[in-house]
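What follows draws every value from the coordinates through simple rules; no lab data is involved. These numbers come from a predicted model, not from an experiment. Glycine gets a Cβ as well: all are built from the backbone with ideal geometry, and neighbour counts include every protein chain shown.
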Amino acid sequence: YFSEKDIRNGFSAFDVINSESISEVKPYSEGKCSEIDVDLPKNYVDIIKKREEIIISNAKSNIKYWGNNVTPMGQATFDFIHKTHPNCLWNNENIEVMGITVSPPYLPENCSGDDKRALERIRCVIEKFRERISEEPH
């Protein structure tokens with residue numbers, strides 16, 4: 001199942017559907033279909049199951065990096081900060097990093113904290129993120 005998504009050039013997007021949630025499969029069109037001759041390895045089911053286990057494990061370990069009730073821009077800001085500061089975490093709708101709190105709408109002026117150097121660093125990271133997204137074609 002593929003869907004059109006707003007993605008940057010050179011990147012791909014796809015949706016994964018858990019096979020256990022599929023109740024019925026119907027052909028997309030009434031046109032003639034021919035069999036596809038594919039030589040699959042004998043252990044292809046094991047390969048797919050192992051791949052699924054890895055994906056689920058990664059998703060479970062990364063869930064702490066997904067904000068609850070935050071805007072897509074808030075999540076994108078968090079993801080950008082996390083690239084250079086992997087110690088950042090969500091605290092409700094706020095991003096916490098280096099003792100600095102970034103509140104919605106996640107602009108440089110929404111940063112607060114006592115450490116002046118850390119405050120300037122995080123403001124700089126957010127400014128850089130904002131510059132990058134304003135340069136991307138829509």
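Details
- Sorted peptide list for 45-53, 85-93, 72-80, criterion being average Cβ within 10 angstrom, highest first: 72-80, 85-93, 45-53
- Computed over segment 14-120, the ratio Rg/Rh where both radii use C-alpha atoms and Rh is Kirkwood: 1.22
- Cβ crowding within 10 Å averaged over residues, with 59-66, 105-112, 118-125 ranked highest first: 118-125, 105-112, 59-66
- Taking every Cα-Cα distance in segment 67-135 and sorting them into 5 Å bins starting at zero, the pair-distance distribution P(r) comes out as 4, 19, 33, 28, 12, 3, 0 percent.
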